Amino acid sequence: METNNAYYRNFESQLDPIFRPDAFSRPDDSDDKKFYRTDRFVSHLDSLALDTARHIIKSLIVEKNPAILDLMAGWESHLPEDLDASRITGLGLNENELKNNNRLTQYVIHDMNENPELPFSDASFDVVINTVSVDYMTQPVAVFKEVGRILKPGGLFLVIFSNRMFPQKAVKVWQESDENERVILVNDFFELSGAFEKPSRYVSKGKPRPKDDKYAHQTPVSDPIYAVYAEKKGGVSKGKRPAIRDWYGERMSAETLEKKKRTVKETLHCPHCDEKLKKWEVPDNPFCQTWDNHFMYICFNDECPYFVRGWDRMYRETNQGMSYRLMYNPENDRCMPIPVPTHMALKDGIVEN
Ligand SMILES: C[S@@+](CC[C@H](N)C(=O)[O-])C[C@H]1O[C@@H](n2cnc3c(N)ncnc32)[C@H](O)[C@@H]1O
């Protein structure tokens, strides 16, 4: 890649992997139109992950009747049901999929890797979304610049991705990066394009995989969702969209929760999900030495909203890939969080089911 941009040269000097000459090569570098000629009427993520994507899109679109571009669109656009758009354009490579996408009001077949110039006029969209496809862009900075051109000032570009891919078509730098590094890569594409306000990020991990999902037997955890988004420079709100709220399950009022916490002593049920707490032996290690008692009671329900929302919250507030479970201490009759780095952590201490 070549540029006169000082920011870019600074990155280059730090040996950012995106400046390696083969960073955007792919195992299958042949014509994309050939690969995408095959119809793929499949869901690329589990249904809960797709609901999370819809929740993110709904939270961030504040425009009334926006003109939306679904960049690298397939047969579904993951837009909220009640979104009232003035037009929704899809750009992709498979005509049959685009024709069957019931959210699109129009579509365009255009190979962005062959030609990153987008076939739309300046400032013609309020919102551009790109879902589970950024890993296939071979000239991402040029495309992000183009998105900047076709967005109105203050317009939103939202890039959503997960950890699944067609490996033969995903670029090398993506495949060689871990999930956190991919968030940084997309952040770099925004910054290097020079068209956007400072990007924001949102991560959703650790939600339970729907029981009827085809991969439910392989993993209990839903596909992670990462979102990086920014507004085109020049808008009145200067990049300040509403924050995306943690999302999972119904929220109970603080009063109801407090009331339930007061009954844990008699019921030994989790105040957040009502599941029976499990008796857990306090291990003999330095982290637990401050507790005098030998047993605690912990909620081990992997679908407990307290535990599930904890992944998003810990990532947002501490950048840590961990959550916490509800623990009840019978000694002092108090509920508290106990940190867990994985779904399995602490389970070997369960003494009573
Ligand atoms: C994994 S699918 C995702 C489809 C859709 N965005 C979704 O969320 O379900 C990747 C999409 O990227 C599009 N695509 C891949 N390479 C492309 C290219 N070079 N130019 C334009 N679109 C491309 C394909 O048409 C395909 O629909």
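We did not get these values from a lab; they are worked out from the coordinates using the rules stated. Small disclaimer: the values here were computed from a predicted structure and weren't measured. Note that we place each Cβ from the backbone using ideal geometry, even for glycine, and neighbour counts take in every protein chain shown.
Quick one: if the Förster radius is 25 Å, what FRET efficiency do Asp22 and Ala216 give, using the C-beta to C-beta distance and rounding to 0.05?
For R0 = 25 Å, the calculated efficiency reads 0.10.
Past 22 Å, Cα to Cα: identify those pairs from Lys205/Lys265; Lys58/Lys205; Lys214/Lys278, in the order given.
Exceeds cut-off: Lys205/Lys265; Lys214/Lys278.
Considering the chain, what Rg and Dmax in Å follow from its alpha-carbon atoms?
Looking at the chain, its Cα Rg and Dmax stand at 23.1, 69 Å.
For the stretch 142-218, what is the convex hull volume of the alpha-carbon atoms per residue, in Å³?
Spelled out: Cα convex hull of the stretch 142-218, divided by residues, is 144 Å³.
How big is Rg to Rh over the stretch 68-171, alpha-carbon atoms, Rh as the Kirkwood inverse-mean-distance radius?
Taking Rg over the Kirkwood Rh, I get 0.93.
Quick check: net charge around Ala170, other residues with Cβ under 9 Å of its Cβ, Lys/Arg +1 and Asp/Glu -1?
Around Ala170, the charge tally is +2.
When the chain is treated as a GNM, springs tying every alpha-carbon pair under 10 Å, which of Glu281, Glu258, Glu95 comes out with the largest mean-square fluctuation?
Glu258
Treating cross-link reach as a plain straight distance, find the aspartates and glutamates whose alpha-carbon is under 18 Å from the alpha-carbon of Lys145, omitting any fewer than eight places away in the same chain.
Glu2, Asp70, Asp111, Glu114, Glu117, Asp122, Asp126, Asp135, Asp188, Glu191, Glu197, Glu231
Which residues in the stretch 81-99 have a backbone N closer than 20 Å to a point placed 7 Å from the Cα of Glu114 along the Cα-to-Cβ line?
Residues 90-99 qualify, since their backbone N sits under 20 Å from the label point.
I want to verify the translational diffusion coefficient of the stretch 1-150 in µm²/s; compute it with Stokes-Einstein, Rh as the Kirkwood radius over Cα pairs, at 10 °C and 1.306 mPa s.
My calculation gives 94 µm²/s for D.
Which three semi-axes in whole Å describe the equivalent ellipsoid of the stretch 192-277, each the square root of 5 times a Cα gyration tensor eigenvalue, listed largest first?
One finds semi-axes of 38, 22, 8 Å for the stretch 192-277.
Would you kindly derive the ³J(HN,Hα) couplings of the stretch 269-277 from the backbone phi angles with the Karplus curve 6.51 cos²θ - 1.76 cosθ + 1.60 (θ = phi - 60°), listing them in order in whole Hz, with x for Gly and Pro?
With coefficients 6.51, -1.76 and 1.60, one gets 10, 5, x, 8, 10, 6, 7, 5, 6 Hz.
For His269, enumerate residues with amide H under 5 Å from its amide H, sequence gap 5+ or separate chain, H modeled in the peptide plane.
Leu277
Is the stretch 254-352 best put as rounded, prolate or oblate by its Cα gyration tensor, with a ≥ b ≥ c the root eigenvalues, rounded for a/c under 1.5, and otherwise prolate when a/b is larger than b/c, oblate when not?
Since a/c reaches 1.5 but b/c is at least a/b, the shape of the stretch 254-352 is classed as oblate.
Let me have the 222 nm mean residue ellipticity of the chain computed from DSSP H runs of 4+ only, each contributing -39500 (n - 2.57), with the sum over all residues rounded to the nearest 500.
Estimated from H runs of four or more residues: -7000 deg cm²/dmol.
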